[in-house]
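To start, the structure under review is shown below, and the notes come after it.
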Amino acid sequence: MAAMDTLRDAMPEAARDVKLNLQAVLQAGSLSPAQRWGVAVASAMAARHPALRDALVADARAEVGEEVVEDARAAAVLMAMNNVYYRFRHMVGKPSYAEKPARLRMNRLVKPLTSRVDFELVCLAVSAINGCQACVQAHERVVVEGGLSEEQVNDAVRIAATVSAAAVALEREEGAPPPPSPAEKAAASLTS
């Protein structure tokens with residue numbers, strides 16, 4: 001976990017608990033290495049922090065290989081779409097929307113590179129970060145019916161929560177100017 005060690009060291013003192021939790025949740029426990037690292041990588045993608053994502057991808061590749069990383073990426077991307085759509089249907093609360101077909105492709109969900117139950121677990125963790133109650137409930141049901149325990153589900157969500165908190169801890173300090181957007185960079189290059 002060399003890349004994550006470096007990143008953890010960069011966290012401010014205010015994130016001391018997150019540093020400790022991040023180290024703890026990535027250690028062996030009820031989850032297999034593939035489950036643990038798949039959840040961590042997908043969670044970092046969902047948290048949208050590039051340095052955190054890159055560090056977790058690097059450490060995951062050393063531990064479990066490329067198929068787990070690719071399934072984690074696919075799960076994060078798929079849930080970015082599904083969580084918005086299904087969260088909308090839940091929030092609007094009209095039965096008529098539930099009767100309409102989603103017409104959103106989800107082929108990777110049934111044909112992951114690794115295990116289907118592991119892919120569903122990763123989708124559950126990302127859905128927890130994205131706050132989609134319908135997806136959390138659906139994926140939790142599938143993984144438990146697929147043989148995973150509630151302890152494993154809990155551990156996956158602990159990883160997701162901790163990775164999400166790490167992304168917040170690593171954000172630029174309040175008051176620091178944000179990096180220029182691509183449009184601002186382009187405009188600056190035209191004036192120079």
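The values are calculated or read from the model by the stated rules, or taken from the named source; none is laboratory data. Computed from a predicted model, the values in this text were never measured in an experiment. All Cβ positions, even for glycine, are placed from backbone atoms using ideal geometry, and neighbour counts span all protein chains on display. Just the protein is used for accessible areas: all its heavy atoms, side chains included, with ligands, DNA and RNA removed. Shrake-Rupley method; radii C 1.70, N 1.55, O 1.52, S 1.80 Å.
Of the residues in segment 41-54, how many are open to solvent by less than 60 Å² (accessible area, probe 1.4 Å) and not in a helix (DSSP H, G or I)? Steps first, please.
Taking segment 41-54 and keeping what is open to solvent by less than 60 Å² (accessible area, probe 1.4 Å), we get 41-47, 49, 51-52.
Subset that is not in a helix (DSSP H, G or I): 49.
The number of residues fulfilling the criteria is 1.
Pick from segment 61-86 the residues that are β-branched (Val, Ile, Thr) and open to solvent by 60 Å² or more (accessible area, probe 1.4 Å): which of them is farthest from residue 138 (Cα to Cα)?
Only one residue fits best here, namely 77.
State whether one or more residues within segment 149-157 are under 18 Å from residue 73 (Cα atoms) and at pLDDT 95 or above.
Taking segment 149-157 and keeping what is under 18 Å from residue 73 (Cα atoms), we get 156-157.
Applying the additional criterion that residues be at pLDDT 95 or above yields 156-157.
Scanning segment 149-157 turns up at least one residue that is under 18 Å from residue 73 (Cα atoms) and at pLDDT 95 or above.
Give 57, 18 a once-over and let me know the one that is farther than 22 Å from residue 114 by Cβ, open to solvent by less than 40 Å² (accessible area, probe 1.4 Å) and among the β-branched types (Val, Ile, Thr). Don't jump to the end; show me each part of the working.
Working: 57 fails: farther than 22 Å from residue 114 by Cβ.
Exactly one residue qualifies, and that residue is 18.
Please verify whether segment 105-112 includes one or more residues that are farther than 21 Å from residue 48 by Cβ, modelled with pLDDT of 95 or more and open to solvent by 60 Å² or more (accessible area, probe 1.4 Å). Please lay out each step first, then the result.
Residues of segment 105-112 that are farther than 21 Å from residue 48 by Cβ, as a first pass: 105-107, 109-112.
After this cut, where a residue has to be modelled with pLDDT of 95 or more as well, the list is none.
No - not one qualifying residue is present in segment 105-112.
Mind listing just one residue for me: the one in segment 113-148 that is in contact with a Ser or Thr (Cβ under 6 Å, 6 or more places away or on another chain) and in contact (Cβ under 8 Å) with a residue 24 or more places away in the chain and, of those, surrounded by the most Cβ atoms within 10 Å (Cβ to Cβ)?
Across segment 113-148, the extreme among qualifying residues is 125.
Of the residues that make up segment 87-95, is at least one in contact (Cβ under 8 Å) with a residue 40 or more places away in the chain and open to solvent by less than 80 Å² (accessible area, probe 1.4 Å)?
Quick first cut of segment 87-95, residues in contact (Cβ under 8 Å) with a residue 40 or more places away in the chain only: 87, 89-90.
From the residues that got through so far, the ones that are open to solvent by less than 80 Å² (accessible area, probe 1.4 Å) too are 87, 89.
Within segment 87-95 (the criterion being in contact (Cβ under 8 Å) with a residue 40 or more places away in the chain and open to solvent by less than 80 Å² (accessible area, probe 1.4 Å)), the answer is yes, since at least one residue qualifies.
For residues that are assigned to a helix (DSSP H, G or I) and free of Cβ contacts under 8 Å to residues at least 40 places away in the same chain, scanning just segment 25-40, find the one that is surrounded by the fewest Cβ atoms within 10 Å (Cβ to Cβ). Give the derivation first.
Start the filter on segment 25-40 by keeping residues that are assigned to a helix (DSSP H, G or I), which leaves 25, 33-40.
Adding the requirement that they be free of Cβ contacts under 8 Å to residues at least 40 places away in the same chain leaves 33, 37.
Details: 33: 14, 37: 26.
Ranking the candidates gives 33 first.
Kindly state which helices (runs of 4 or more DSSP H) lie completely within segment 62-162 and contain at least 2 residues that are within 17 Å of residue 44 (Cα to Cα). Steps first, answer last, please.
Values: elements: 66-92, 95-98, 107-110, 116-130, 133-145.
Helices (runs of 4 or more DSSP H) meeting the threshold: 66-92, 116-130.
Can you tell me which residue is nearest to the chain's Cα centre (by Cα) among those in segment 169-184 that are open to solvent by 90 Å² or more (accessible area, probe 1.4 Å) and at pLDDT 60 or above?
Applying the filter and picking the extreme gives 171.
Residue 24 versus (1) under 14 Å from the mean Cα position of the chain (by Cα); (2) closer than 27 Å to residue 148 by Cα: which is the lone unmet condition?
The number of the failed condition is (1).
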